[in-house]
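In what follows, a single structure is set out as structure tokens and then discussed.
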Amino acid sequence: KQEVTQIPAALSVPEGENLVLNCSFTDSAIYNLQWFRQDPGKGLTSLLLIQSSQREQTSGRLNASLDKSSGRSTLYIAASQPGDSATYLCAVNSGYSTLTFGKGTMLLVSP
Amino acid sequence: DAGVTQSPTHLIKTRGQQVTLRCSPKSGHDTVSWYQQALGQGPQFIFQYYEEEERQRGNFPDRFSGHQFPNYSSELNVNALLLGDSALYLCASSLRQGYYGYTFGSGTRLTVV
């Protein structure tokens, strides 16, 4: 059974800092991995999708890496802004057409 | 291009009642999955529909059932509601097996009193 862990559970940083969110998974036989953002009480917004054959994906100030053999992914956010404040969720698709989520990292960026 | 649309956005029900939630997938997607998200937790997989059939099911009781229509839209039904069913219910659409990733709706907040 796939298990996904996200560290840290919460993070508070001043505006402008670069930061790294971590995601680990127990079964390396994955199809792909997707990072989402969730604002309080809202749905999920997809940030980046990494296929199992890829090492990283970039979108603007976001960069996600994947090391399938070690069961890890990181989401790097450059030059953080208050608008980045949200919960970030890592989800693994193990090829059974379902996503397994971590509990998320709650990020607060203060002005 | 409309994304995933869910209705209603909020719902309050009494214990023992039944509820139906609705989802319209993103244009071009043929698969709909439902997730339950309790406060402070990650979403938990309920089930997935493809070609109008339930293809995968998570660890949820039979009180949770669903349906997919020929236009790919879907319903989630929950019978005999319990207080513990209070959660955010998320619908996600994808192409078969999610190779191109999943698109989520804004969710339905269900409160059982």
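Within the set of other residues whose C-beta is less than 13 Å from the C-beta of B:Phe64, count the net charge using Lys and Arg as +1 and Asp and Glu as -1.
-2
Just want the ordering: B:Tyr50, A:Tyr96, from fewest to most Cβ atoms lying within 10 Å of their own Cβ.
A:Tyr96, B:Tyr50
Can you tally the net charge around A:Ala78? Count Lys and Arg as +1, Asp and Glu as -1, for every other residue whose Cβ sits under 14 Å from the Cβ of A:Ala78.
Once all neighbours under 14 Å are counted, the net charge is -3.
Shape call for the range B:24-64 from the C-alpha gyration tensor, a ≥ b ≥ c root eigenvalues: rounded (a/c under 1.5), prolate (a/b greater than b/c) or oblate?
Oblate, because a/c is 1.5 or more while a/b does not exceed b/c.
Compute the whole-percent fraction of alpha carbon pairs in chain B spaced more than 22 Å apart.
So the portion of pairs separated by more than 22 Å is 25 percent.
Could you list the GluC sites (Glu not before Pro) in the range A:1-109 that lie in coil according to DSSP, counting only those with at most 14 other Cβ atoms within 10 Å of their Cβ?
When the GluC sites (Glu not before Pro) of the range A:1-109 are filtered for loop state and at most 14 Cβ neighbours within 10 Å, A:Glu3, A:Glu15, A:Glu17 remain.
Which distance in nm do the two modelled labels at B:Tyr100 and A:Lys103 give, with both placed 7 Å along the Cα-to-Cβ direction?
Here the answer is 3.5 nm between the modelled labels.
Can you tell me what share of the DSSP beta bridges in the protein assembly as shown is antiparallel? A percent to the nearest 5 is fine.
Roughly 90 percent of the beta bridges in the protein assembly as shown run antiparallel, per DSSP.
Would you work out if chain A is rounded, prolate or oblate? Take a ≥ b ≥ c from the square roots of the eigenvalues of the alpha-carbon gyration tensor; rounded if a/c is under 1.5, else prolate when a/b is larger than b/c, oblate otherwise.
Prolate is the answer for chain A, as a/c is 1.5 or above and a/b outweighs b/c.
Quick check on the range B:5-44: take the gyration tensor over C-alpha atoms, sort the square-rooted eigenvalues as a ≥ b ≥ c, and tell me if it's rounded (a/c under 1.5), prolate or oblate.
oblate
Label point 7 Å out from B:Asn77 along Cα-to-Cβ: which residues of the range B:35-64 have amide N under 12 Å?
Only B:63-64 fall inside the zone, counting backbone N under 12 Å.
How crowded by other chains is A:98-105, given as the mean number of beta carbons from other chains within 10 Å of each beta carbon?
6
Just in the range B:1-68: which trypsin sites (Lys or Arg not before Pro) are loop by DSSP and have at most 15 other Cβ atoms within 10 Å?
Here the trypsin sites (Lys or Arg not before Pro) that fit, given the DSSP loop and packing criteria, are B:Arg15, B:Arg63.
Every number in this text was worked out from the coordinates using simple rules, so none of it is lab data. Model, not experiment: these values are computed from the prediction. Cβ: placed from backbone, ideal geometry, glycine included. Neighbour counts: every protein chain shown.
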